[in-house]
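Before any comments, here is the structure.
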Amino acid sequence: MPSAIQSEHAAWRGDKPWTKAGVEVAPDASIEEMQAAGKLGWTIELRPLYYEVSSVDIAKHVPIGRKAMIRSDTGVLLDVVGPKTIPAQNEQVLAFFRDYLAVGKLQLNAVGCIESGRYVWGLAKLGTGFTLPGGDEVSGNLLVANANKYGKGLIIKLMAERFACWNQITI
């Protein structure tokens, strides 16, 4: 069954994702190595937006008080935001996992982006889980996702994942 939302870029370790998306990394890959393998080394640039006022003799650009969020490597317009917006960079989003990884409480299993970078995400295995009657395994995961879109924010979510006949089903 194909995924309705496919990661354009991803890096993973361990079991291959059922979507077959991304690049496999070494079991001991650092956050920075996963970020590079997942092609998340780009930043978000903010550029002021203008409208053009022209007359017979002169054309000038007048600022409109909004900014364009631009992906640095491709120039893709992610969204238009207000003047006070400070975007979270990919490096900052993935750094959320650093302290947990250092004490061995999590294993960062996958990173990636969808919608041309409008959503950047990381998924870490919690190391806990259980087996249901019948043998289906359920594991705990922590999802951190950042929306590079106006009015959206950082998502941090605990997820239980069941490995069953449809590969991975979030329950």
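The values are calculated or read from the model by the stated rules, or taken from the named source; none is laboratory data. All figures in this text were calculated on a predicted structure; none of them were measured in a lab. Neighbour counts are summed over all protein chains in view; Cβ atoms, including those assigned to glycine, are modelled from backbone coordinates with ideal geometry. Note: accessible area is taken over every heavy atom of the protein model, side chains too, but ligands, DNA and RNA are not part of it. Shrake-Rupley method; radii C 1.70, N 1.55, O 1.52, S 1.80 Å.
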Any residue on another chain or 5+ positions along whose placed amide H is under 5 Å from the amide H of E24 is listed here as W12
Of the accessible area of the chain, computed with a 1.4 Å probe and all protein chains kept, carbon and sulfur make up a percent value of 56
The size of the Cβ-based charge dipole (Lys, Arg +1; Asp, Glu -1) of the range 24-171 about the Cα centre, to the nearest 20 debye, is 560
In order over the range 69-79: 3J(HN,Hα) from phi, Karplus 6.51/-1.76/1.60, θ = phi - 60°, whole Hz, x for each Gly or Pro, gives 8, 10, 6, 5, 7, 10, x, 5, 6, 7, 5
Contact order relative to length for the range 26-73, counting C-alpha pairs under 8 Å separated by 6 or more residues, stands in percent at 38
Note, the range 27-41: 3J(HN,Hα) by Karplus (6.51, -1.76, 1.60, θ = phi - 60°), whole Hz, Gly/Pro = x, goes x, 9, 4, 7, 4, 5, 5, 5, 4, 5, 5, x, 6, 10, x
With a Förster distance of 41 angstrom and the Cβ-Cβ distance between D57 and I86, calculated FRET efficiency to the nearest 0.05 equals 0.55
In order over the range 135-144: 3J(HN,Hα) from phi, Karplus 6.51/-1.76/1.60, θ = phi - 60°, whole Hz, x for each Gly or Pro, gives x, 5, 8, 10, 10, x, 9, 10, 9, 10
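Restricting to DSSP loop positions (anything but H, G, I, E, B) with no more than 12 other Cβ atoms inside 10 Å of their own Cβ, which trypsin sites (Lys or Arg not before Pro) remain in the range 74-125? Let's see the in-between values first.
On the way: sites: K84, R98, K105, R118, K125; in loops: K84, K105, R118.
Counting only loop positions with at most 12 other Cβ atoms within 10 Å, the trypsin sites (Lys or Arg not before Pro) in the range 74-125 are K84.
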Sorted by chain and number, the residues with a modelled amide H under 5 Å from that of T43, at a separation of 5 or more or across chains, are S72, D73
For L77 the rounded accessible area (nearest 10 Å², probe 1.4 Å, non-protein molecules ignored) is 80
To the nearest Å², the heavy-atom accessible area per residue of the chain with 1.4 Å probe amounts to 61
Spelling it out for Y150: with amide H atoms placed in the peptide plane at 1.01 Å from N, the residues 5 or more places away or on another chain with amide H under 5 Å from its amide H are V80
Expressed in square angstrom to the nearest 10, the accessible area of M34 with a 1.4 Å probe stands at 0
Taking the chain, the lysine pairs whose C-alpha atoms sit under 25 Å apart (8 or more places apart or on different chains) add up to 23
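Please go through the range 9-59 and write out the trypsin sites (Lys or Arg not before Pro) that DSSP classes as loop and that have at most 14 other C-beta atoms within 10 Å.
Details: sites: R13, K20, K39; in loops: R13, K20, K39.
Sites meeting the loop and neighbour criteria: K20.
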